[in-house]
Amino acid sequence: MYGYVSSLIAEKGRQIYTVRKSATVAEAVREMNDKGIGALLVIEDRRPVGIFTERDVLRRVVDADRDPAMSKVGEVMTRNPVTIDSGARVAEAMALMTETRHRHLPVIEGGEVVAMLSIGDVLRWLTLHQEDEIRQLSEYITGAANTPAS
């Protein structure tokens, strides 16, 4: 239902924004604000080691009274992020995000991260496909699909 994650990322793009563990929280937040995104993949030796999200800022920095200019991303990131394979169905991605309460999901293909999905990406995709499905069903019911154009 609603196709595969690989189709979604083919349409959305495979842009992945990253940050180093050694970057300060202030630097990472500035990058997220500049890019208009809510998460950065944390990379070390070209491997993903975590994810740094808006929620990490709220819970592990602001609520903990940490100084964003002094705190390092590696100290407050979410380790071992939940991921999904590009061959999974979009509905599975949505279910996984809902069940785990994560708003960002790195996409894995051949053992490597190839994209990052946000909850907004998934909702947009589902909405577009639901609209198309509703249109097709309406045409079927009303017979509009079988009526020749004048």
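Every read-out reported here was derived from the displayed coordinates using simple, explicitly stated rules and does not represent laboratory data. The shown structure was predicted, so the numbers you read here are calculated from the model rather than taken from an experiment. Here the Cβ positions follow ideal geometry from the backbone for every residue, glycine too, while neighbour counts run over all protein chains shown.
Tabulate in residue order the Karplus-calculated ³J(HN,Hα) for the range 62-76, using 6.51 cos²θ - 1.76 cosθ + 1.60 with θ = phi - 60°, rounded to whole Hz; enter x for Gly and Pro.
4, 5, 8, 6, 8, 7, x, 6, 10, 7, 8, 3, x, 7, 10
So what's the convex hull volume per residue for the Cα atoms of the chain, in Å³? All intermediate terms of the calculation are to be shown ahead of the outcome.
Values: hull volume 20.3 nm³, N = 150.
Taking only Cα atoms, the chain has a hull volume of 136 Å³ per residue.
By average Cβ neighbour count within 10 Å, what is the ranking of 88-97, 107-116 from highest down? Mind dumping the intermediate values first?
On the way: 88-97: 17.9, 107-116: 16.1.
Result, highest mean Cβ count within 10 Å first: 88-97, 107-116.
For Arg103 paired with Arg47, estimate the spin-label separation in nm (one decimal), with each label point 7 Å from Cα along the Cα-to-Cβ line.
2.9 nm
Along the Cα-to-Cβ line of Leu137, 7 Å from the Cα, sits a label point; which residues in the range 94-116 have backbone N less than 20 Å from it?
94-95
On a C-alpha basis, how far is the centre of the range 73-105 from the centre of the range 44-68 in Å? Whole number, if you could?
First find each Cα centre; the distance between them is then 16 Å.
Test of understanding: ordering His104, His129 by Cβ neighbours within 10 Å, fewest first, what list do you get?
Values: His104 24, His129 16.
Fewest-to-most Cβ neighbours within 10 Å comes out as His129, His104.
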